[in-house]
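Novice: Here's a structure for you.
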Amino acid sequence: MSLHFNLLTLFPEMFPGSLGSSLAGRALERGDWSYRCTDIREYGEGVHKSVDDTPYGGGAGMVMKADVLEKALLASKDEGARRIYLSPRGKVLNQAFVKELSAAPALTLLCGRYEGVDQRFLEAHDFEEISIGDYVLSGGEPAALILMDSCIRLLPGVMGNVDTADNESFGAGADGLLEYPHYTRPSMWVDAQGIEHSVPEILQSGNHAKIDEWRKAQSLEITRMRRPDLLQKD
Ligand code: ADE
């Protein structure tokens with residue numbers, strides 16, 4: 001099982017970016033996932049290879065042209081891919097949604113620049129809009145990298161420790177809570193000011209049932225304090 005990303009972008013040099021390193025980088029070398037960039041500029045018009053134009057109705061900024069985008073999309077040969085336009089207007093990504101996307105054989109990711117893209121192109125070619133959060137980036141490329149990273153780590157064999165992706169909060173089979181706190185040696189750490197910090201006793205007890213119970217309670221408390229909205233969901 002492998003996942004292919006078909007990227008439509010004006011900045012192909014941004015890929016694979018951070019995904020060329022670490023676990024994702026090794027998974028790329030192994031062929032667990034692959035990507036191909038189509039440079040939208042190559043399908044631009046005229047001597048300047050123009051890809052955008054002023055918006056109908058006026059207003060600031062430029063809009064990416066439907067005809068240019070369609071040429072780029074068709075040249076990218078994305079048969080069978082789910083089509084996604086990264087946009088702050090989209091449905092906000094969460095772990096359940098990532099899990100669903102990572103099961104697809106291929107994802108076409110359209111990275112926009114400027115004010116947006118011609119709505120007719122999105123509708124004519126069945127693009128769904130996905131946002132990575134309620135803030136605005138200068139372009140879709142970093143959002144695409146984040147979506148890709150979140151999908152890649154769920155692919156079988158990508159995470160070194162098979163358990164890790166599952167046990168983490170928001171992981172596959174997760175309880176939808178935030179993670180409990182982690183500690184490692186030494187059991188007593190003295191900081192630069194000479195203040196002593198110990199590891200909770202229970203974690204050193206070897207009583208795994210009690211440890212599980214403690215961790216669940218911590219997860220619940222941290223979620224209640226930081227993200228009560230997560231407890232409202234089904
Ligand atoms: N492009 C600009 N901002 C974005 C966001 N928050 N999510 C996805 N794509 C974007």
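The values are calculated or read from the model by the stated rules, or taken from the named source; none is laboratory data. If you're wondering where the values come from, they're calculated on a predicted model, not measured in any experiment. Backbone-built Cβ (ideal geometry, glycine too); neighbour counts: all protein chains shown.
Novice: With respect to ALA75, determine if the residue is more than 14 Å from the ligand (Cβ to nearest atom), within 30 Å of SER21 (Cβ to Cβ), free of Cβ contacts under 8 Å to residues at least 24 places away in the same chain and surrounded by fewer than 16 Cβ atoms within 10 Å (Cβ to Cβ).
Specialist: No, not satisfied.
Novice: Here is a follow-up. For region 34-47, state whether one or more residues are surrounded by 13 or more Cβ atoms within 10 Å (Cβ to Cβ), farther than 19 Å from THR108 by Cα, assigned by TED's automatic domain parsing to the domain that holds HIS125 and free of Cβ contacts under 8 Å to residues at least 40 places away in the same chain.
Specialist: Yes, region 34-47 has at least one match.
Novice: Please go through region 179-234 and pick out each residue that is surrounded by fewer than 10 Cβ atoms within 10 Å (Cβ to Cβ) and among the β-branched types (Val, Ile, Thr).
Specialist: THR184, ILE195
Novice: Follow-up question, since we're still on this one. Can you tell me which condition TYR135 does not meet? The list is (1) more than 9 Å from the ligand (Cβ to nearest atom); (2) among the hydroxyl-bearing types (Ser, Thr, Tyr); (3) more than 30 Å from GLY46 (Cβ to Cβ); (4) surrounded by fewer than 16 Cβ atoms within 10 Å (Cβ to Cβ), and all the others hold.
Specialist: (1)
Novice: How many residues does region 118-132 contain that are away from the ligand (no atom under 11 Å from the Cβ) and under 18 Å from ASP78 (Cβ atoms)?
Specialist: Residues that pass the stated criteria total 8.
Novice: Could I ask something else about it? Are any of the residues in region 138-158 in the same structural domain as THR9 (by TED's automatic domain parsing) and either in contact with a Pro (Cβ under 6 Å, 6 or more places away or on another chain) or part of a strand (DSSP E or B) (or both)?
Specialist: no
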